[in-house]
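Notes to accompany the following structure.
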Amino acid sequence: MNIVKALTGVIAAIALGGCATVTPVSGQFPPITPHQAQTGAENGKLVRWGGTLIQAQPKAQETCFTVMALPLRQDGRPYLGQKKSDEGRFIACAPGFYDPVLYAAGRELTFVGTVTGVQVEKVGGYGYPYPTLQASTVYLWPVEEPEPTTVFINGGWYGGPWGPWGWWGGPGWGWR
């Protein structure tokens, strides 16, 4: 009887573990937003931030990403179109070359790294304080394909006996 219980527990753990999505940005992180880090009080803290990419700028030793921050799901993916509050913007820099064609404006990214300071950049004519992040992990999310939609016109019988052409294919009423 104890073997059956043990096997049931192992099978349940494997089944539930198969449902979990683990990404390189999974885990528990403090709930610090880029907007909160604009004061510089959060410097030195490890955070997970993400959002939609505004621009990727490769430099000699690193690539810096300018990002419009969004709230993150539990797995670390940004919520698109469901902005809950003003998360702000941030600049994340990571060592190495990241191709700006692949890392194009509008793509979803998530970073894990250390807050290193605040850098003031112009947004239009306004000096905006961007918190900066030295990223140890850069994760480019795959593009989510929209679900295909099916459109039924007249219940799927377009041109049939109840379609726009009346009975059996001709305009008007009655038999043709």
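Near the amide H of Lys45, within less than 5 Å, lie the amide hydrogens of Val115, all on another chain or at least 5 residues away, with H placed in the peptide plane.
Positive end of the dipole of region 93-147 (Cβ unit charges, origin at the Cα centre): among Val143, Thr132, Val101, the Cα lying farthest that way belongs to Thr132.
Backbone geometry of region 121-138 corresponds, through the Karplus equation with coefficients 6.51, -1.76 and 1.60 at θ = phi - 60°, to 3J(HN,Hα) couplings of 10, 7, 10, x, x, 9, x, 9, x, 8, x, 10, 10, 8, 7, 9, 9, 10 Hz, x marking Gly and Pro.
Throughout, read-outs are computed from the coordinates displayed, never taken from laboratory work. Remember, it's a predicted structure, so these values are computed and weren't measured experimentally. Cβ: placed from backbone, ideal geometry, glycine included. Neighbour counts: every protein chain shown.
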